[in-house]
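The values are calculated or read from the model by the stated rules, or taken from the named source; none is laboratory data. Bear in mind the structure is a predicted one, so any value in this text is a computation, not a measurement. When we count neighbours, we look across all protein chains shown, and the Cβ atoms used for this are built from the backbone with ideal geometry, even at glycine. Side chains are part of the model used for accessible areas, which takes the heavy atoms of the whole protein and leaves out ligands, DNA and RNA. Shrake-Rupley method; radii C 1.70, N 1.55, O 1.52, S 1.80 Å.
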Amino acid sequence: MRVGKYRAYSSTANLGPGFDVLGIALQAFYDEAEIRVSMNGVGRVKVRYIGPYSDQVSSFAGNCVAKRAALTLLGKYRSDVDVDIVIWKGVPPGKGLGSSGASAALIVHALDDMLGLGLKGEEKVLLAGEGEVASAGTPHYDNVAASLLGGLAIVSKSKTGIKVWSTKVSATFVVAVPDVRTHHSKTKLMRSLAPGEVPLNVYVENSSYLATLLAGLLTGDLKLAGYGMSNDVIVTKARSPHVPCYTEALEAAMKAGAYGFTLSGAGPSTIALVDERNARAVAKALEKAYSSCGVKAQVMITQVAGRPERLD
Ligand code: HSE
């Protein structure tokens, strides 16, 4: 019997114009798992959730992601072992913070490590992303890539396969997590709001925002990054009218000096990119804005997280 304990972090996907392409791991929340691997098994997987958000896992379509990822991994590489997994669920589900992605990334990372498989980043992202179909209707790999690889993750998916790339970035964010009820298929619903096609001029405009966002993040020019992040004229534009208090929060954060502001993943959480010295002022402004809208929200200052960690 092998026993291991691991932690993987929450993430924010898209960052405005990077729909399904960009994710950043965030220290704000994390999941932990204790995993027992029994040799001489038959590829059986048991998953149990404990911790602050364990009771909410079953209310969301993504609740089976960790089990699905584990079953796929064992089916492919080690159907001769059984695994028992207890997940301490610390990433709130249904908030746009990569909750299902964090659990799937955690399990794939842990099993790869405990079984000594030496899987490549691409393979791990594909295995963990498999489960996202359950929560979003279609696979998207941005959250799992960020939670698995840490830092800023870029995913490129084409007919010929997937490429992933990640790098450390230094940035401070203020995340607001509204206490609103979300539908169990929230991500799927929010994805259905995105236009199926866009005119060439809109594509060009959005590409310029994505380019400035990346240039800013990679060179540490956070003002430039914030400009790109705030200006998504495709997906965020279509989704934001359906997000409680979005406009008020955007105005408050920018007025308080945030570099950029957007929806976190498919929402309803929002995220502001800030100067570390100004983080408290932006957090206060967001608290005030949500409270004036009559929406309770948890507002947190957070930094970029790394890849999953082994705890013992
Ligand atoms: N890229 C995905 C979306 C992330 O925006 O639908 C979901 O968390």
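Annotations for the structure displayed:
- The residue that is farthest from the ligand (Cβ to nearest atom), among those in segment 227-243 that are assigned to a helix (DSSP H, G or I) and buried (at least 17 other Cβ atoms within 10 Å of the Cβ), is Tyr227.
- Residues located in segment 262-290, provided they are within 16 Å of the ligand (Cβ to nearest atom) and hydrophobic (A, V, I, L, M, F, W, C): Leu263, Ala266, Ile271
Yes/no matrix, rows are residues, columns are (1) in contact with a Leu (Cβ under 6 Å, 6 or more places away or on another chain); (2) more than 25 Å from Val169 (Cα to Cα); (3) not assigned by TED's automatic domain parsing to the domain that holds Phe19:
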| residue | (1), (2), (3) |
| --- | --- |
| Val204 | no, yes, yes |
| Leu214 | no, no, yes |
| Asp221 | no, no, yes |
| Leu224 | no, no, yes |
| Val235 | no, no, yes |
| Ala238 | yes, yes, yes |
| Pro244 | no, yes, yes |
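- Any hit, segment 61-68, residues being among the hydrophobic types (A, V, I, L, M, F, W, C), more than 16 Å from the ligand (Cβ to nearest atom), surrounded by fewer than 22 Cβ atoms within 10 Å (Cβ to Cβ) and assigned to a helix (DSSP H, G or I): yes
- Screening Leu213 on (1) in a loop (DSSP other than H, G, I, E, B); (2) hydrophobic (A, V, I, L, M, F, W, C); (3) touching a Phe, Trp or Tyr at 6+ places or on another chain (Cβ under 9 Å); (4) away from the ligand (no atom under 14 Å from the Cβ) shows it passes everything except condition (1).
- Residue satisfying all of: in segment 175-198; within 13 Å of the ligand (Cβ to nearest atom) and either among the polar types (S, T, N, Q) or part of a loop (DSSP other than H, G, I, E, B) (or both); surrounded by the fewest Cβ atoms within 10 Å (Cβ to Cβ) among these: Ser192
- When residues of segment 244-261 are limited to those that are outside any helix (DSSP H, G or I), buried (at least 21 other Cβ atoms within 10 Å of the Cβ) and at negative phi, the one farthest from the ligand (Cβ to nearest atom): Ala256
- Looking across segment 83-132, the residues that are open to solvent by less than 30 Å² (accessible area, probe 1.4 Å) and on the phi > 0 side of the Ramachandran plot come down to Gly94, Gly96, Gly98.
Residue-by-condition table, conditions (1) within 30 Å of Thr270 (Cβ to Cβ); (2) modelled with pLDDT under 95:
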{"residue": "Tyr6", "(1), (2)": "yes, no"}
{"residue": "Ala33", "(1), (2)": "yes, no"}
{"residue": "Met39", "(1), (2)": "no, yes"}
{"residue": "Val42", "(1), (2)": "no, no"}
{"residue": "Gly90", "(1), (2)": "yes, no"}
{"residue": "Pro93", "(1), (2)": "yes, yes"}
{"residue": "Leu106", "(1), (2)": "yes, no"}
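- Test: residue in segment 9-19 that is over 29 Å from Lys237 (Cβ atoms) and either modelled with pLDDT of 95 or more or open to solvent by less than 20 Å² (accessible area, probe 1.4 Å) (or both): no
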